[in-house]
Amino acid sequence: MSEGIRFVFRGEVREIDKIDPTLSVLRWLREVEGASGTKEGCAEGDCGACTVVLGELVDGSMQYRAVNACIQFMPTLHGKQLITVEDLASPDGALHPVQKAMVETSGSQCGFCTPGFVMSMFAMKVSEGRPSRDRINDVLAGNLCRCTGYGPIIEASEKMYDAGPETAFLEEEKRVVALLEGLSSDAMVETADKGRRYFAPARVDDLARVYTDNPDAVIVAGATDVGLWVTKMHKDLGTVIYLGRVKELKEMRVASGYLEIGAGVSYTDAWDEIKKHYPDFGELIRRIGSTQVRNAGTIGGNVANGSPIGDTPPALIAAGARLVLRKGEERREIDLESFFIDYGKQDRGIGEFVEMVKLPLPKAGSKFRSYKISKRFDQDISAACGAFMADIEKGQVKDIRICFGGMAGTPARAKHTEAALIGKTWDEETVKTAMAEMVKDYNPLTDMRASEAYRAKVARNLLYKFFVETSQVGEKVNTRVVGDRELAHV
Amino acid sequence: MSDRTMANEKNNAGIIQGGVHQNHLHDSAHKHVSGTAIYIDDLPELPGCLQVYIGMSEKPHAKIKSIDVSAARKAEGVACVLTADDIPGINDYSPVMGDDPIFANELVEYVGQSMFAVAADSIDNARAAASLVKVDYEELPAILTIEEALEKESYVLSPNEMKRGDSATALERAENRLKDRILIGGQDHFYLEGHIALAIPGEDDDVLVHSSTQHPSEVQHNVAKALGVSDHCVTIEIRRMGGGFGGKESQPALFASVAAMVAKKTGKAAKVRLDRDDDMEMTGKRHDFIMDYDVGFDASGRIEGIEFIQACRAGNSADLTGAIADRAMFHADNAYYLENVTIKSYRCKTNTVSNTAFRGFGGPQGVVGIERVIDAIANHLGKDPLEIRKVNFYGTTDRNVTPYYMTVEDNVIHELVVELEADADYAARRADIRAFNENSPFVKKGIALTPVKFGISFTTTFLNQAGALVHVYTDGSVHLNHGGTEMGQGLYTKVAQVVAEEFQIDNNRVKITATNTGKVPNTSATAASSGADMNGMAAQAAARTIRNRLTDFAAQKFQVKADEVRWLPGRIQVGAEEMTFPDLVKQAYLARISLSSTGYYATPKIHYDAQKMQGRPFYYFAYGAAVTEVEVDTLTGEYKVMRTDILHDVGKSLNPTIDLGQVEGAYIQGVGWLTTEELVWHPSGKLWTHAPSTYKIPACSDRAPEFNVRLWDKGKNAEETIYRSKAVGEPPLMLGVSALMALSDAVASVGGYKIHPGLNAPATPERVLDAVDRVREAAAG
């Protein structure tokens, strides 16, 4: 066990023995450190003005990722490097190529969002080569600008690469690696302040133990939802257990027909692997939150928090995913579908946590599609999110699983609709009949995202779209305007 | 390399750096990117600085039977709690009408209305204490929609009417006639920096307030009024805002007043900083409108008579609604001659937050109205909407008088549109789109070209004045101050360019300083796109006064005629001699010549009779046009903007790079308003979309993959504005209307372009899908 947290900041190891477990990185920077370059725009991880970059040693090399400082809890910095906008210019004041490009293209107007953009762009520049426009859109989806209309920022995101590799930064990196290696340990990290306690185990057995001992603790992975309980609902979380250091939960592997995804695997890390097996599910993940949210948030968390509008559960359920739950030494495995009992109620006992999500690999010839309907393409919460998995053999529906989010108090299967399809000919007439059945499956609500009528209608139409996309022969008809259009024809 | 960066790197030798018409970079760009630009929340806090939380109404309409703040007063860290009873002066922060209480004390009229304030040692303690306040409400019936307000004749101001010709007769006689209702949604400003004020108490009755405001003078008046002191006790300062867009025109007065009252009561610095949700719930937005039209037109689509009823949601108080609703009437014509026209305007009082200024100030809603009418005519006649637009454009020598009897003297819309049409290859693309749609059962494309003509000047004539202050120090460096505020639009940079030009010195010799009511008094808001026009002129006047003194001094000293003193780049030629600016300045100082001057400007030519709604409210018009192409998924209503082409007239641009930024940004903001930005109120009267998680402004990927934007190179202001430039802040917002009309065009395709989709704004995927289904059903029979 180690008391307090240690992280690299401004080139040195910063040691803090006692820290409020739910103090945000943003508030610490601005209110404690007096580092005001990082801005608060929304305090909910939606605008990106607070974007900072976290450096982390992964398998011996540094990985840099942008996150929203407003919903990142301070103790989660332990063992990492925190990089803010103030770190980029060289000591003599010369601007970093990212900053220089933003100046030269007039990428800032009011300038309030600018530090956040600069950090997202910096994370991209140190991590990957010259981007396509689509890649820039993805990287910047979590940074809102109200002034420029984004044109100059997109241009700067390309132009900054003209400056060549990050020589000075990479030189400094060697020193940082040594500092971070010194902080690496399998010991549990603990801290407490303001009557709140924090545990960050590094091994899953320690996690099981500490959660058994503190069953009232709030489990936090990426804090992309739990962070808002603090910044928006102003809740006192009491004891917090952080999953982000647990080695076993960060693992992902293919075993006995399943892709096993540890509960601590971020969307970003799961993305490529899921995309490989389910291209359209990959596209769905691309639209979850933003780069900052996907870097922090996990599929395990998306499942465990039980939201009726989480984007991965419909896709996972349609694909037949299973869930491994653990309490102390005991494990049980259930169908993910049965985990969601009712609105706000999941099949998770006291002291029990989600250890792993098991996504079955698709059977040869099966068809999978997922569709997310929202007002804005990027970084929006679904009005409805539908996923479809069908086995069509010789024009007959052998099996079909349809699951929607946003249509009920939980992610829910369309059982009546499925029943109207199974065993039938996969043709327009069958599909139209089944569409009419959907009224029995869902009784959606009207809220700020969409009306009940629209949700019901669009859900029916998505079944039709699934049919069109999976039954086309010869020259393919275009069915999509948003996202990767080619995925309609995969 | 784009035009944008090429232009930046082109710096002609032999001219000063950063003079007018140059692509001079925003003065703060290097600070923005390095996090060193200081916003109010970044100012170092004084010891003991208090954080203030404002308690809000939970009811849309209720009598306050009692407010019990006793528990809050005793709570941890609390320094003071203020209610209406604690206001030393007048309980009002309204801009005009006296109807915006700082703290509601008897009646609340919207959810989110300010009721009391708690000041504590931390914002967490202040917020926690505020939750201990007990309010006993007696609920009253609430009016939450424009329809209800119209029905109950609930208005904040009397209805207004603008009339020219005889619309009733023209409508009766018209060959074709259409009537419909248009819904146009509001818009949250979503400036990235929320409202903030930091007050620092001074001696006697003095207070300095750092206020994120577009209107320091009005904040000063209101703070003084709340404190019950003279204006001269109050100084307001603002170096920069993190965005304004009109949202920081009238509303900052509330937060500045509260901060100042806490500071004066406690003797400590006090900060009011709203978090995003509170900001969105407490502050007003762009007015949503219901518009009914009745239009008569001939076979060519020429409008013969038209009647508009414009009803807007003012919210609970008048705020700036009068002038905003007027501007919607002034722009009900957009670029079209309406011979027989009647426009009625209703300013509806509702139990929702008081709506306020937002880029375009009612103009955009007026423009959406007439553009919808044009599209309806086109669908009815089976013609290209662009053809109908052209048929109705204002003439240059005839058909050129507006419904408010102002002659349009500077009309360039014909040539500008023709140029854009060619640039954007409109006709061919429209034909291609029709062909594509024939063969694409689910995905439909749409295209539209819409123009904008926007009147420049405050329609409240006395506001069209500005002041500036210029000091030249003996080393030749220049200190510049003016009444305009910087919210990202580059005003400070442009005005510095004007002063640099006047003295023929490099721009970096001109120090841009924070707007401060102690330096330049009695200013108008930085609004109505007027910032550079007015403050540029005022600063030029100030600089010219000094320059003239220097010229006279040099002529006298070197015994030459005044016209032999020539101001050349970086030097002054006096007869046969040349000297640098600092040399001349130093000599002038030693000869006891004043090196400081104020400057003043009042916009000429404008006059307006508000009773008759006639006159010349605008000095000139700004013009532009845009073509937008979209694709629509007719199964879901989802869509994507695929291509944008813009040609916009900024006159002779003071700074093309900055103007381009305004044009692009405004277009995207306009598209956002009309597409994804949907304000939804809960039936309880609470705003349901009060954070970016639920309120969706455009993101990076919403910008069209192909985006062509150009400033019109033939542009030149017909009037003698600052270097013949034109205002640029608001007009291009209306270019975004082309996206709404392109969506309408795509939807119309499912009915063979014969049925007008009646697509309302914001055109969310839900509205688009509904329109698709409506058109399909109508087409089927």
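Read-outs: derived from the displayed coordinates by stated rules, not from any lab. Everything numeric here is computed off the predicted structure, so don't read it as measured data. Neighbour counts are summed over all protein chains in view; Cβ atoms, including those assigned to glycine, are modelled from backbone coordinates with ideal geometry.
The calculated FRET efficiency for the pair A:Asp92 and B:His682, based on their C-beta separation and a Förster distance of 41 Å, comes to about 0.15. Around the Cα centre of region A:136-284, unit charges on the Cβ atoms of Lys, Arg, Asp and Glu (plus for the first two, minus for the last two) sum to a dipole of about 500 debye.
Per-residue counts of other Cβ atoms within 10 Å, averaged by peptide: what ranking do you get for A:466-474, A:248-256, B:266-274, B:493-501, highest first?
Put in order of decreasing packing, that is B:493-501, B:266-274, A:466-474, A:248-256.
One chain, two ends: A:Val439 and A:Glu3. Fully extended at 0.36 nm per residue, the span grows by 151.4 nm beyond their Cα-Cα distance. 3J(HN,Hα) along region A:35-42: 9, 9, x, 7, 10, 9, x, 9 Hz, from the Karplus curve 6.51 cos²θ - 1.76 cosθ + 1.60 with θ = phi - 60°, whole Hz, x for Gly and Pro. Highest-first packing order for the peptide set B:89-101, B:115-127 is B:115-127, B:89-101, based on the mean count of other beta carbon atoms within 10 Å. Modelled spin labels at B:Lys605 and B:Glu153, positioned 7 Å past Cα toward Cβ, are 4.2 nm from each other. Across peptide A:90-97, the average count of Cβ atoms from other chains found within 10 Å of a residue's Cβ is 1. Measuring between alpha carbons in the structure, the pairs from A:Lys250/A:Lys275; A:Lys18/A:Lys250; A:Lys375/B:Lys640 lying more than 23 angstrom apart are A:Lys18/A:Lys250.
Within 10 Å of the Cβ of each residue in A:98-105, the mean number of Cβ atoms contributed by other protein chains is 5. Shape analysis of region A:1-61 based on the Cα gyration tensor places the equivalent ellipsoid semi-axes at 22, 16, 12 Å, largest first. At full extension, A:Glu393 and A:Val477 could sit 28.0 nm farther apart than now, given 0.36 nm per residue minus the alpha carbon distance. With Cα atoms defining each centre, region B:223-267 and region B:132-172 are spaced 31 Å apart in the structure. Positive-end ranking of B:Ile236, B:Leu674, B:Met741 along the dipole of the protein assembly as shown, with charges on Cβ about the Cα centre, is headed by B:Met741.
All C-alpha to C-alpha distances of chain B, sorted into 10 Å bins beginning at zero, yield P(r) values of 3, 14, 23, 24, 19, 12, 5, 1, 0, 0 percent in whole numbers.
Rounded to the nearest angstrom and listed largest first, the equivalent-ellipsoid semi-axes of region A:181-280 from its Cα gyration tensor are 28, 18, 12.
Quick check of the Kirkwood formula: for region A:10-184, what is the inverse mean of 1/r over all pairs of different Cα atoms, in Å? That comes to 16.5 Å for region A:10-184.
Computed log10 I(q)/I(0) for chain A at 0.13 Å⁻¹: -1.25, from the Debye equation with unit scatterers placed on every C-alpha and solvent omitted.
For A:Glu273, neighbours were defined as the other residues whose beta-carbon sits under 12 Å from its Cβ, and their charges (Lys and Arg +1, Asp and Glu -1) total -1. Under conditions of 20 °C and 1.002 mPa s, region B:465-602 yields 142 µm² s⁻¹ as its translational diffusion coefficient, taking Rh as the Kirkwood radius over Cα pairs in the Stokes-Einstein equation.
Please report Rg over Rh for region B:384-512, where both radii come from the alpha carbon positions and Rh follows the Kirkwood definition.
1.19
Ranking A:His78, A:Gly55, A:Trp28 by how far each Cα lies toward the positive end of the dipole of region A:10-184 (charges on Cβ) leaves A:Trp28 at the top. In this label model, A:Arg175 and B:Asp136 are separated by 6.7 nm, measuring between points 7 Å along each Cα→Cβ vector. Given R0 = 41 Å, the distance between the Cβ atoms of B:Leu183 and B:Ala431 translates into a calculated FRET efficiency of 0.80. Ordering A:402-408, B:457-463, B:135-141, B:156-162 by mean Cβ neighbour count within 10 Å, with the highest value first, yields A:402-408, B:457-463, B:156-162, B:135-141.
Amide H contacts under 5 Å for B:Tyr620: B:Ile456, restricted to partners 5 or more places along the chain or on a different chain, H placed in the peptide plane at 1.01 Å from N. Apply the a/c threshold of 1.5 to the C-alpha gyration tensor of region A:430-490 and tell me whether it is rounded, prolate or oblate. Judged from the Cα gyration tensor, region A:430-490 comes out oblate (a/c at least 1.5, b/c at or above a/b).
In sequence order, region B:511-523 has phi-based couplings of 8, 8, 10, 4, 5, 8, 5, x, 9, 10, x, 6, 8 Hz under the Karplus curve 6.51 cos²θ - 1.76 cosθ + 1.60, θ = phi - 60°, and Gly or Pro positions carry x. Peptide A:27-40 is shielded by partner chain Cβ atoms: per residue, an average of 3 of them sit within 10 Å of its Cβ. Please name which of B:Ala378, B:Thr352, B:Val391 has its Cα lying farthest along the dipole of region B:266-419 towards the positive end, using unit charges on Cβ (Lys, Arg +1; Asp, Glu -1) and the Cα centre as origin. Looking along the dipole axis, the top candidate is B:Thr352. Placing pseudo-labels 7 Å out from each Cα toward the beta carbon at B:Glu720 and B:Ser70 gives an inter-label distance of 7.0 nm. The rule of thumb for compact globular proteins, 2.2 N^0.38 Å, goes into the C-alpha radius of gyration of region A:383-489 1.07 times.
Dipole size of chain A about its Cα centre, with +1 on Lys/Arg Cβ and -1 on Asp/Glu Cβ: approximately 1220 debye, rounded to the nearest 20. The C-alpha atoms of the protein assembly as shown occupy a region whose extents along the principal axes are 99, 78, 68 Å, arranged from largest to smallest. Computed from point charges on the beta carbon alone (+1 for Lys and Arg, -1 for Asp and Glu), the dipole magnitude for the protein assembly as shown about its Cα centre is near 640 Debye.
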